[in-house]
Every structure is written in C-alpha cells, then in structure tokens.
Amino acid sequence: MKILEINKFHYLRGGSERYFFALQKILKSKGHRVAVFSMKGDSNLPSKYDDYFIEAVDLNKFSIRDVIKFFYNRDAVKKLERIIALERPDIAHLHNIAHQFSPAIISVLKKRGIPIVQTLHDYKLICPNAMLYSRNRVCEECHGKKYYHCLLRRCLKESYLKSLMATIEAYWYNRIKRTYDSVDFFIAPSNYMKEACVRFGVPEKKIKVAYNFLDFKEFENLPPTTDGGYILFYGRLSAEKGIDTVLEALSKMKGKVKFKIAGAGPDYKRLSEKITRLNLVGEAELIGPKYGIELKELVSGAKAVVLPSLWPENMPYVLLETMASGKTAIVARSGGMPELIRDKENGFLFSAGDSSGLAKVVDGLSDYDLTEIGKRAKKSIECLNANSHYKQIINLFLELKKGA
C-alpha cells in the first residue's frame, strides 16, 4: 500500500512527531511505500521528499505572508498536488497540520478521491487553542462551536491577536467550510479524547481509539533500577504540566523527599524563583533537559516519576516510557492518562491540582513494594507494542481503501 504521512514538523519536537516517525518505521518494515509531506526547517531529519516540503511558516514573527498562510497556505496546496501526482497514494494519514499547512490541504486530498485518516494528537479539531485548557483550568467553553470564547479569554498564548486568528480559523473551517467533515476517519490515542470529540459533535462512528505504542526493544538493556530517593518529573516546563502542584506538595509531606525536575520551557525562570521563594532549594532541583542514556539513568534511579498535568493530557510518551522502564508512575487524574493506571496496583493516582493528595501519595509510597508495582506497570502495557498497533492501523487503512 502507498501511504502519504503528513505532519507539519519533520524533527523530534514532541510526542506527535515521535509517533509520526515510529509509525513510518513500522509501515516500511512491513513492506509499504511511505511518502512524507512536511515543512522545511534547519532541525529537520533527512528525507528524500524534502524538495516537496513547504517553506517554513513562523507565526511568532507575524509577517503578512505567514498570517495569510495561517488560513490558506497556497504553497502547501501546490506542493501537495505535486507529491500526489508523483506518488499516487492509496491513503493520506494526517497528524498535526493546523496553522502551518492550514486545513486547506484536506480539500485537495478530498478532490483527488484519496481516503483521509487523521490522528488527533491534540484537541485542535474541537478547541481553537488545541488544549481544552485555559486560564488555569480545563475549559470546554467552545462547546457548541462557540469559538468566540477563545478570543474573549485570550486562549492562544494570552494574545488577543493570536486568539482572534484562531477564532476566525475555527469558524471558517469548522462552521462555514466544514472542512474536517471530509476526513474519513479519526484516530484518538485515548478514550478521553474520543469522548471529548463526541461531546463536541464529532460522529462517534468516525473515531477509533488506538493508544500510542512503543518499541519495547528500546527497554531491554536499561540501567539497573535503583531507588535514589527522589521523585522525578521530566518534560516541558510550562504551567499546564502542573509542576507547581508538586512544589506545593513538598511543603505538606511528612517525610523529606527530593524532587528533580528535568526539562526546559517557558516556565524555567518562574519555577526557579518559586523554589527560592518557598525555601525549597534543598528539596527541589531544576536540572535542565536530559536525553538518551542520561535520561534513562535518571528514570532508573528515581523512586517514582510524577505526571502532575493540569490539562487533559492525551496519552503522553512520558507515561508509556515510565511504565515500560518498570518504574512507578504517580499520575494526575487528567485526560487519558488514568486509563492505563490501576491505583495502587500498577501505579498511583491523585486529583489534578491537589497538592495535599499528591503529598499523601508520596508519603504512603513506603507502604508498597514499588519494584513489584513497576513490574506490573511494564506488563500491563506490553500490548502497546509496534506489531499490535500496526494491525489496528493497517486494518483501518485497508477498510478505507476498499470503500474508496
């Protein structure tokens, strides 16, 4: 089968790109021809299709040209037509396309009679800021396609101008053009994502749940598991990740526990100042971003890994990696994450934003065999392997191709 994979970034920027590249690898290993359509960039991984990639669109600079591309990217339309003529794909599989590509490319695929599948890595289909989170709380104000709330609440980076653009885009493509109606099928990486989309009016029959997957060979030769006496967070340092909840929990814990924060992001300076202000310098440590073997050693040495997200996380790789590493995950009841955790059996749950609840969980860890909990965690996600995921995806592709 000839499959066209489309994502606006062609480097490992986040979880959606990790999935984007991992899926290509498994599809190619099964004998399928995979073409790629993406955006040019200095950080890009090599691709034989990079001559077809669109010119970079930087919405932070706000040139008139890039603002126009936000709504209709003519460059994307023309280059997509070229790659379709070259490859004649049986299926187009979309990932993140908004803003840089613009949803206009969906109309091109529909016109050419190519079945379209889109994996929903975020909530852009139903929420202008793609997060279902605004003003420090889960937000569904745009339910019923009342997208003006995005502007009123400055939901996109707290900017009236950017929020106005996102509001207009949502009305244009979701209410007027109804472009996303042309997508034949959506893949939701969690039941929470599916249920949220159905609540917002997406037909349930058009959404299939398929969790993200791992190549478990990557977790065969890990550093020895130890208990270094610290709780670990690793990921993007931004308000919606809930790191403040952990800092506030530290002062409420009966026992002394060190908290290591690995990552980078817009909240680095603010978190550093908060650690000083709360007199947590000896207990909380910002250690910067970690990668590769250094990160694996950091995870292996943690007592537990905490995922304190306030926003409804979909199915983050940090959770999958933690469980596959045989480590205990302490997870906020947020989004799709609790779907993998059986409280006190293969991990621990607490209410998102509840620092007292988190403190209670951490204080109670000594009552449990964390090595056994880690083993159960790893075993419970062994079904989320590459071969199992491939079968789900390819069966959907074949069904759509047959019906085209």
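Values quoted throughout were computed directly from the atomic coordinates according to the rules given, and no laboratory measurement underlies them. Everything quoted here is computed from the prediction, not taken from an experiment. Quick reminder, even Gly has a Cβ in these numbers, built from the backbone with ideal geometry, and neighbours come from all protein chains shown.
When the convex hull of its Cα atoms is viewed from all sides, the stretch 65-207 shows a mean projected area of 8.5 nm². Can you give the percent of C-alpha pairs in the chain whose distance is more than 32 Å? Considering the chain, 37 percent of its Cα-Cα pairs are separated by more than 32 Å. Here the extension length gained between Ser272 and Lys401 equals 41.2 nm, from 0.36 nm per residue of separation less the Cα-Cα distance. Charge dipole of the stretch 273-382 (Cα centre as origin; +1 on each Lys and Arg Cβ, -1 on each Asp and Glu Cβ, all else neutral): 100 debye, rounded to the nearest 20. Could you tell me what percent of the DSSP beta bridges with both partners in the chain are antiparallel, to the nearest 5? About 5 percent, rounded to the nearest 5. Applying a threshold of 26 Å to the alpha-carbon distances of Lys30/Lys208; Lys30/Lys217; Lys241/Lys391; Lys2/Lys110 flags Lys241/Lys391 as lying beyond it. For a test of the definition: using alpha carbon positions, the gyration tensor, and the 1.5 limit on a/c, classify the stretch 216-380 as rounded, prolate or oblate. Rounded.
Quick check on the stretch 132-177: take the gyration tensor over C-alpha atoms, sort the square-rooted eigenvalues as a ≥ b ≥ c, and tell me if it's rounded (a/c under 1.5), prolate or oblate. Oblate. Take every pair of alpha-carbon atoms less than 8 Å apart whose residues are at least six positions apart; their mean separation over the length of the chain yields a relative contact order of 13 percent. Each pair of Cα atoms in the stretch 10-136 enters the Kirkwood radius, and Stokes-Einstein at 10 °C and 1.306 mPa s then converts it into a translational diffusion coefficient of 101 µm²/s.
The alpha carbon gyration tensor of the stretch 166-299 gives principal lengths a ≥ b ≥ c with a/c of 1.5 or higher and a/b greater than b/c, which makes the shape prolate. Take every DSSP beta bridge whose two residues both sit in the stretch 216-380, then give the antiparallel share in percent to the nearest 5. Among the beta bridges of the stretch 216-380, antiparallel pairing accounts for roughly 0 percent.
Looking at the stretch 56-141, the trypsin sites (Lys or Arg not before Pro) that sit in a DSSP loop and have at most 16 other Cβ atoms within 10 Å of their own Cβ are Lys61, Arg112, Arg135. Using a Förster radius of 25 Å, what is the FRET efficiency between Glu204 and Lys111 based on their Cβ-Cβ separation? Nearest 0.05, please. So, using R0 = 25 Å, E works out to roughly 0.40.
With the charge dipole of the stretch 1-120 set up from +1 on Lys and Arg Cβ and -1 on Asp and Glu Cβ about the Cα centre, the Cα lying farthest toward the positive end among the listed residues Ile97, Gly15, Leu109 is that of Leu109.
Taking a span of 24 Å or more along the helix axis (Cα atoms) and a mean Kyte-Doolittle hydropathy of at least -1.0 as the rule, the DSSP H helices of the chain that qualify are 386-403.
If the segment from Glu218 to Arg74 were pulled out straight at 0.36 nm per residue, it would be longer than the present Cα-Cα gap by 47.8 nm. Think of the chain as having a plus end and a minus end, set by charges on the Cβ of Lys, Arg, Asp and Glu; of Val183, Gly326, Leu161, Val183 sits farthest toward the positive end of this dipole. Charged side chains reduced to their Cβ positions (Lys and Arg at +1, Asp and Glu at -1) give the chain a dipole of some 1180 debye around its Cα centre.
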